[in-house]
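Single-structure report; data block below.
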């Protein structure tokens, strides 16, 4: 029984390592990262179940003693405290795919089992997985499904840059790890080239490793064929990641525990500078990850998390050096990944796998505990509760993603009922998802607006039933948008969504205009350098005929992004409405100049026409004003002095000094 359980654990570990680089499904919106994450979650739960059965059979707890364990436990504690004390939306932080517990806990559990099972099958599974992902990526470079009629969810298979790892950046990290590993292995394992006791050379083993090395090296050149694919994850300026990291130091709580897991976008929008608005990324309001893994850990978990992670990595490197093993080049490689590349599941998986390999020793010291019957029962109950709770929450979370994907498919089919039902189900399964609630609020709003537009086009009036439906949809939209804000009021995007809901019902709901203005002001406070929010708020004032306030916000948008034609266009019309014709002409002239640098001919023609109209109006008003002034001057020149008013008989007027009292 004991051997069977041990073999079962080795099998689970081998399958996990093999499937990780090649596993993907199109059942959810993110077919690559999220599916791999849940693969790790369920693998970890199965391993815990097997260990529980092993414990029931042996009635003993065996705890290995490894130097890295305490630092990994410290890092886990830092994450937990960051979520508990700082993260505004704690349930979503737990499920965050960048640094949430759903990612780190399974990796720690797998680290434990990788380091305690010395079977070569796990490493052989790693070799097989590397070969598989390399062959698949190379095959799809030639687009084998280019002319095949595939379902919409499987259209990704037609892309030349398709790889089961998601993008060429993750593929490069994985293959880079394989190249360093194989090069170190072939250089240090000299016995590969020596004869075996039976007189034969170990050619099969040698060929496998040479194929891995050469194949990985060749595949690393694939990203060079398509640099855009390598940069599938957008790289924004590194200085903004540094600003974000420095910003958390200003507050003692965030300095110690960070801005909170799943809250990076809140700090990014706060520190974003005007220079960002001059880049090609300026319309991307925020990023959810830092430019480097190390800065991301520091920003979200503070000095505590950074110290724990650095201590773990330091002792990993130290242990690799002490062993004089082939793992040290891999430590250097992973150090470069941590320092220069964004956080990703692939890089953390490889880091924890490497940590497990380094932590392995031939005769690992252990602590064996024999427990009384009551304690045995308690351990089993706790273990089964953890497994059951983990399975329930994981399935519930995954199903929420599944129904969200079904709702997305309904959009392609233009089936409002499919979208509504599936999105509502996703939100019931995961009520803490800001993404689900945001989309559901907009869907309800769109339903109400579509119904009103449909009746207006038919020149019909809403009946009582339709009025009730519109009212309920609008109330639901507002409710969901406010709930998103309550989940995390630090994120500018959440306030923007609330503003959009109210903005679209200004002519429908009483007081919506004030709520719109208030929500946009909160969005601007959270993202002070974003010109889009100011244009939107200025547009609200413009629609309310408050042109003075509109001009103020349009000018602020121009100050933040001086090369934005639309900001000048809005400013021109707002000044025109205020009869500030000189300013209107100057603003529209800037629109024409900026559009001349672009290629949008329709907008350019429109701007030129408006410019000519404004200019003609200005000239006409100038001529009229000059004529009026000239007539006024002439009238004053020809006007005769008026006779003073006469009174008969004249009134007796006493002359006296005004300073003398009477």
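Here are a few things to note about the model shown:
- Of the residues 108, 131, 135, 139, the single one that is modelled with pLDDT of 90 or more, out of contact with any strand residue (DSSP E or B) (no Cβ under 8 Å at 6 or more places or on another chain) and part of a helix (DSSP H, G or I) is 108.
- Residue in the stretch 163-177 that is within 26 Å of residue 11 (Cβ to Cβ), in a helix (DSSP H, G or I), over 25 Å from the mean Cα position of the chain (by Cα) and modelled with pLDDT of 85 or more present: yes
- Residue check for residue 422: modelled with pLDDT under 85 and over 30 Å from residue 114 (Cα atoms): no
- Check on residue 27, at negative phi and surrounded by 17 or more Cβ atoms within 10 Å (Cβ to Cβ): no
- For the stretch 137-155, a residue qualifies if it is buried (at least 18 other Cβ atoms within 10 Å of the Cβ) and either on the phi > 0 side of the Ramachandran plot or touching a residue at least 24 places away in the same chain (Cβ under 8 Å) (or both), and exactly one does: 137.
Each row is one residue, and each column tells you yes or no for (1) at pLDDT 95 or above; (2) in a helix (DSSP H, G or I); (3) touching a helix residue (DSSP H, G or I) at 6+ places or on another chain (Cβ under 9 Å); (4) in the same structural domain as residue 544 (by TED's automatic domain parsing).
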position	(1), (2), (3), (4)
473	no, yes, yes, no
482	yes, yes, yes, no
485	yes, yes, yes, no
493	yes, yes, yes, no
508	no, no, yes, no
513	no, yes, yes, no
517	yes, yes, yes, no
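Yes/no per residue for (1) modelled with pLDDT of 95 or more; (2) surrounded by 19 or more Cβ atoms within 10 Å (Cβ to Cβ):
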residue: 37; (1), (2): yes, yes
residue: 60; (1), (2): no, no
residue: 84; (1), (2): yes, no
residue: 93; (1), (2): yes, yes
residue: 118; (1), (2): no, no
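- When residue 79 is tested against (1) over 38 Å from the mean Cα position of the chain (by Cα); (2) part of a helix (DSSP H, G or I), only condition (1) is not met.
- Residues in the stretch 271-281 that are over 19 Å from residue 292 (Cβ atoms) and either crowded, with 19+ Cβ neighbours inside 10 Å or in contact (Cβ under 8 Å) with a residue 12 or more places away in the chain (or both): 274, 275, 277, 278.
- Exclusive hit being surrounded by fewer than 22 Cβ atoms within 10 Å (Cβ to Cβ) and under 22 Å from residue 408 (Cβ atoms), set 487, 445, 479, 462: 487
- Matching entry among 289, 297, 259, 284 (being part of a helix (DSSP H, G or I) and either under 21 Å from the mean Cα position of the chain (by Cα) or surrounded by fewer than 24 Cβ atoms within 10 Å (Cβ to Cβ) (or both)): 297
- Remark: pairs (first residue in the stretch 512-540, without any contact (Cβ under 8 Å) to a residue 12 or more places away in the chain; second residue part of a helix (DSSP H, G or I); Cβ separation under 7 Å; 6+ apart in sequence or on different chains) = 512/502.
Okay, residues lined up against (1) within 22 Å of residue 498 (Cβ to Cβ); (2) assigned to a helix (DSSP H, G or I); (3) at pLDDT below 95:
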position: 549; (1), (2), (3): yes, yes, no
position: 553; (1), (2), (3): yes, yes, no
position: 563; (1), (2), (3): no, no, yes
position: 584; (1), (2), (3): no, yes, yes
position: 590; (1), (2), (3): no, yes, yes
position: 614; (1), (2), (3): no, yes, yes
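The values are calculated or read from the model by the stated rules, or taken from the named source; none is laboratory data. Only a predicted model underlies this, so the values are computations on that prediction, with no experimental measurement involved. Don't worry about glycine lacking a Cβ; one is built from the backbone with ideal geometry, like all the others, and counts go over all protein chains shown.
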